[in-house]
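Every number in this text was worked out from the coordinates using simple rules, so none of it is lab data. The structure presented is a predicted model; accordingly, all values stated were derived computationally and were not measured. Note: ideal-geometry Cβ built from the backbone for every residue, glycine included; neighbour counts use all protein chains shown.
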Amino acid sequence: MAALILFEIIVVGIFTLLLLNQQRSEMDQRMHRRLESQAFQMASLASFALADPHPDSFARVVSIVAKSPSVSAAQITTLDGRTLASTDPTSVGKITLSVKERSFLRAIDGPIMFQSPDQNSDQQWEVVTPVSENGQTRALAWIYPNDRLDRQDRRALLRITALWAAFVLAACTIIAAFLAQSITRQLALLTRATRRLIQNPEQAGAEFPLPVKTSTEGAELTTAFNRLVAAIQDQRAGLSETLALLDSMLANAPIGFAFFDRKYRFVRVNQFLADMNGYAFALHLGRGVGGILPPAVAARLERSIETVFQSGQPVRNLELTWEPEPRRPRSWLAHLYPVRTETEATRWVGAILVDITEQKRGEETLRRTEKLAATGRLAASIAHEINNPLEAVTNLLYLIRQDHLTPQTAHFADLAQQEVTRVSEITQQTLRFYRQSTLPALTNVAEILDSVITLHLGRIQTLQVDLQRDYQRNLPLFCFAGELRQLFANFIGNALDAMTPNGGRLVVRAHASRLIHAVRTVDAAPGRVPGATDSSPEGSPAASPVSATRRASGVPGIRISVGDTGCGITQDARRHIFEPFFTTKEATGTGLGLWVSEQIIRKHHGSVRVRSRATENTGTVFSVFFPCSGVEADITPTEAPSETVSS
């Protein structure tokens, strides 16, 4: 609006100046014509005065001309400039002409109008005309106009023009303001809404579409802008849905996602990758790869990221391996790919990271298990082949003993018969391990313990371990005998490993028992036996399941305990002993023994408690309780009893 008013002022001012200039020119032209007319009149009167011998004839002519209000002064001079008559009587007979006026003291043909400086150094118009007699110039008549009236006319013209300009300006301003208001009202509404839309797109978008009440260009612009905003909102809604889908995929995908800039810094990660690293989500953002991963792994990943930036081609199947803890390696499989902008330049590098630690452990364990299975099949075959000649040797020993033998020979025969019987028992137990029954049966737990101890008897004697058996001979249990044999073999084998090479004491107990104390129902989790509790020397549990306390009415069953005086289990290791692939035996362990034992205990609805101290000659005790009904027990996994342990 201010610009419009300024433009109007400039236009009106220019028009006023042009009008004033034109009016001034017209006034000057009128003055020139008036002066010429007065000059002709004065010249005519002066010509008649030349013929009149009266000395005041020229004075009367000057007096007549001077009476005109447009004449301020007049005089008649000779051709040499001497005044003959003048409105100023004191100048008669004198030469009062200025230098410029004297330049006209000659015979001229008609009136001449010129400007001459007055006493105030201003340019003053005046006219000189010849006074002729019989065709000859005898004198010159001078007229000095009175410009007071002209100045009054000019001031009046200026006032009228100024009033007219002010009126025109006011009228134009009012009209322009009305028109501008009708146009700019819609534009102002559009401008305010646009600013709010820029400042807060989510909330300001609700103001659209804007109302349109006129049919001006501003209204058409508002209508077009409404359509544009509607299209942008539709695109934003679609983009928001797409981003929500991508965010949901990134947040919930069971693999790690990360994006890196050219300085190898994390631009964005998902929560799964943060959990894989063990760092908080916010700690990744803006941090370099070297601040999260070990130096060697970070350097290798940085080289691969730089390769993607330079070549623009993805890098696949990049395997990263390191050991965050001793004997617990971690392995990631990384796939790197470029993230390009519209200019086809690689802006970021995306990474898909998969934790293949368990897969690697599984592959290694599978290889070891396959070796063990092959060894087991070979052992079963050897045992089967040994069993046939053993029967023949037994028969031969029987025939030998039927003859009359000396006492010494009979003693040697008895010793041979005992050793053959022992070898036969070992082969039978080996075959039983390999040929396990697929159906549960009522089995004597004492016999299973004897068979397992028999298998380990050679190692027990080699390590000079003091074996103590304390169990009843009749302990019936409805169970999978082969699985219990495997369970006890794991416990006894681990106990012997813990006492290697210094030996110690191995205690195996089994007796009837009841659960009559407060117990907890377990929401069993992977890697936890229902009721499995690891006890530290101070009595704090090292690994316990989530449970709820209840009272048991006394469940009859059998408790089997295997204790040793070996090296014990550290508190940190007790947290993981029932996890698959966890082992403290670097060369010989697979990490599956206690994990399989957990499954067997769970299958028979049993519970286990562990007591251990990682001090010399203190050792570990595994105590397992099975209900008498065994696998037929009407106890769901969530009701399996769990016992509280204190060392």
Sorted by chain and number, the residues with a modelled amide H under 5 Å from that of residue 68, at a separation of 5 or more or across chains, are none
Between the range 1-58 and the range 434-497, what's the alpha-carbon centroid distance in Å? 143
Residue 85's amide H: which non-local residues (gap 5+, or another chain) put their own amide H closer than 5 Å, with H modeled 1.01 Å from N in plane and none for Pro or chain starts? 76
Could you please report the charge total around residue 302, scoring K, R as +1 and D, E as -1 over all other residues with beta-carbon less than 15 angstrom from its beta-carbon? +4
HN-Hα J in Hz across the range 232-245 - Karplus 6.51, -1.76, 1.60, θ = phi - 60°, x for Gly and Pro: 5, 5, 5, 5, 5, 4, x, 5, 5, 5, 5, 5, 5, 5
With an 8 Å Cα cut-off and a minimum separation of 6 or more residues, compute the relative contact order for the range 228-363 in percent. 21
After finding the eigenvalues of the alpha carbon gyration tensor for the range 51-97, what semi-axes result from the square roots of 5 times each, listed largest first in whole Å? 17, 14, 8
